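Chemist: Mind having a look at this structure? Questions to follow.
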Amino acid sequence: MTWTFKALSVLLNYPTAELQWAGGDMKSAIETEKLLPPAVQRALFALIDEIAAGDLYDLQERYVLLFDRTRSLSLHLFEHVHGESRDRGQAMVDLQNLYGQKGLEVSASELPDFVPLFLEFLSTQPREEAYELLGQPAHIMAALAERLRKRDSAYESVFRALVALAHAKPKGEDIAAILNEPDPDPNDFTALDAAWEDEPVQFGPAAADSCKDGLIARVRAGRRPAPGMPAGVHRPVLPPQ
């Protein structure tokens, strides 16, 4: 088990009292493994302290606004490379199959490209293999870090940590391709709603592809919690070190 990956996974879950209480354990795990550059570790610890000391409802509202209402900050990896295309469905199947081959069972309510779930999977794999796998979406992690930096969000530190851990460093053009996509102001609710708006429903032979893609969108939308409500994924936090 690589506890640093586990700690990063926990940090990206919906804030709960359990997460607030686990701050000391997460710091201890990260310090013990010494996998992160000092500057990245300090920024990460600042986020842990911020969560531990914050008002829970404020933390939850911030999380929903960032990661559930803002499509450009989605914690679903394939949102940033496939959108609602047919390729996303196959990518989901391939990733779920990889989890199964490596012994991780995923419930029907969890989408395999959810970043906390992906990081939990990496935490169970041999470290070198985990670094290699993380290199594949490293450009997504870098783009999310940059978007969070623009918002002055301490969550930037999680994605900087992931870029630091990945063996394959992201190419500038790959990061730019994602950053060139629309990135609405999280306070502009009209723009945010437009970004999540579903495609018109089609009927007949031409509707075959869009139906599958639309199902993916509705599953994702149904899993986004309303402000103040718990999210669907709650993983055990780190045990005491």
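Chemist: Any chance the range 164-173 includes a residue that's acidic (Asp, Glu), surrounded by fewer than 18 Cβ atoms within 10 Å (Cβ to Cβ) and at pLDDT 90 or above? Can you show your working first?
Modeler: Of the residues in the range 164-173, the ones acidic (Asp, Glu) are 173.
Okay, now just the ones that are also surrounded by fewer than 18 Cβ atoms within 10 Å (Cβ to Cβ), so 173.
Checking the rest, the ones that are also at pLDDT 90 or above come to 173.
Within the range 164-173, one or more residues are acidic (Asp, Glu), surrounded by fewer than 18 Cβ atoms within 10 Å (Cβ to Cβ) and at pLDDT 90 or above.
Chemist: Contact list please: Cβ distance under 9 Å, first residue in the range 123-136 and farther than 12 Å from VAL163 by Cα and of a type in the set (Asp, Glu), second residue at pLDDT 95 or above and surrounded by 15 or more Cβ atoms within 10 Å (Cβ to Cβ), pairs at least six apart or on different chains.
Modeler: Cβ pairs passing all conditions: GLU129/LEU122.
Chemist: Filter the range 70-81 down to residues that are part of a loop (DSSP other than H, G, I, E, B) and modelled with pLDDT of 90 or more and give me whichever is farthest from PHE159 (Cα to Cα).
Modeler: Residues of the range 70-81 part of a loop (DSSP other than H, G, I, E, B): 70, 74-75, 81.
Applying the additional criterion that residues be modelled with pLDDT of 90 or more yields 70, 74-75.
On the way: THR70: 16, SER74: 13, LEU75: 11 Å.
Ranking the qualifying residues of the range 70-81, first place goes to THR70.
Chemist: Follow-up question, since we're still on this one. It is to be established whether one or more residues within the range 178-200 are assigned to a helix (DSSP H, G or I), over 15 Å from PHE67 (Cα atoms) and at pLDDT 90 or above.
Modeler: yes
Chemist: Still on this structure: If you scan the range 137-163, which residues turn out to be without any contact (Cβ under 8 Å) to a residue 40 or more places away in the chain and either within 11 Å of VAL115 (Cβ to Cβ) or of a type outside the set (Asp, Glu) (or both)?
Modeler: Start the filter on the range 137-163 by keeping residues that are without any contact (Cβ under 8 Å) to a residue 40 or more places away in the chain, which leaves 138-139, 141-142, 145-146, 149-150, 152, 159, 163.
The answer is ALA138, HIS139, MET141, ALA142, ALA145, ARG149, LYS150, PHE159, VAL163.
Chemist: Would you confirm, using the coordinates I've provided, whether HIS139 is outside any helix (DSSP H, G or I) and touching an Asp or Glu at 6+ places or on another chain (Cβ under 6 Å)?
Modeler: Details: outside any helix (DSSP H, G or I): no; touching an Asp or Glu at 6+ places or on another chain (Cβ under 6 Å): yes.
No; evaluated as a whole, the condition is false for this residue.
Chemist: For ARG69, are the conditions met, namely being touching a residue at least 12 places away in the same chain (Cβ under 8 Å) and touching a Phe, Trp or Tyr at 6+ places or on another chain (Cβ under 6 Å)? Show your work before the answer.
Modeler: Working: touching a residue at least 12 places away in the same chain (Cβ under 8 Å): yes; touching a Phe, Trp or Tyr at 6+ places or on another chain (Cβ under 6 Å): no.
Taking the combined requirement at face value, the residue does not satisfy it.
Chemist: What are the pairs with Cβ atoms under 7 angstrom where one residue, in the range 104-122, is at positive phi and hydrophobic (A, V, I, L, M, F, W, C) and the other, located anywhere, is modelled with pLDDT of 95 or more and part of a loop (DSSP other than H, G, I, E, B)? Sequence gap at least six, or different chains.
Modeler: none
Chemist: Sticking with this one: Please go through the range 25-44 and give me each residue that is under 19 Å from SER123 (Cα atoms), part of a helix (DSSP H, G or I) and not aliphatic (A, V, I, L, M), ordered by number.
Modeler: The answer is ASP25, LYS27, SER28, GLU31, THR32, GLU33, GLN41.
Chemist: Please work out which residue is nearest to the chain's Cα centre (by Cα), limiting yourself to the range 3-51 and to residues that are within 13 Å of LEU162 (Cα to Cα) and of a type in the set (S, T, N, Q).
Modeler: SER9
Chemist: While we're on this one: Can you tell me which of THR32, THR16 is of a type in the set (Val, Ile, Thr) and loosely packed, with under 14 Cβ neighbours inside 10 Å? Give the derivation first.
Modeler: Details: THR16 fails: loosely packed, with under 14 Cβ neighbours inside 10 Å.
When all the criteria are applied, what remains is THR32.
Chemist: Just name the residue that is nearest to LEU179 (Cα to Cα) out of those in the range 38-61 that are crowded, with 20+ Cβ neighbours inside 10 Å and touching a residue at least 60 places away in the same chain (Cβ under 8 Å).
Modeler: Restricting to residues being crowded, with 20+ Cβ neighbours inside 10 Å and touching a residue at least 60 places away in the same chain (Cβ under 8 Å), the top hit is LEU44.
Chemist: For the range 11-20, name all the residues that are assigned to a helix (DSSP H, G or I), in contact (Cβ under 8 Å) with a residue 60 or more places away in the chain and of a type in the set (A, V, I, L, M, F, W, C).
Modeler: Looking only at the range 11-20, we keep the residues that are assigned to a helix (DSSP H, G or I), and these are 11, 17-20.
Next, only the ones that are in contact (Cβ under 8 Å) with a residue 60 or more places away in the chain stay: 11, 18-19.
Correct list: LEU11, LEU19.
The values are calculated or read from the model by the stated rules, or taken from the named source; none is laboratory data. All figures in this text were calculated on a predicted structure; none of them were measured in a lab. FYI the Cβ positions are ideal-geometry reconstructions off the backbone, even for glycines, and counts take in every protein chain you see.
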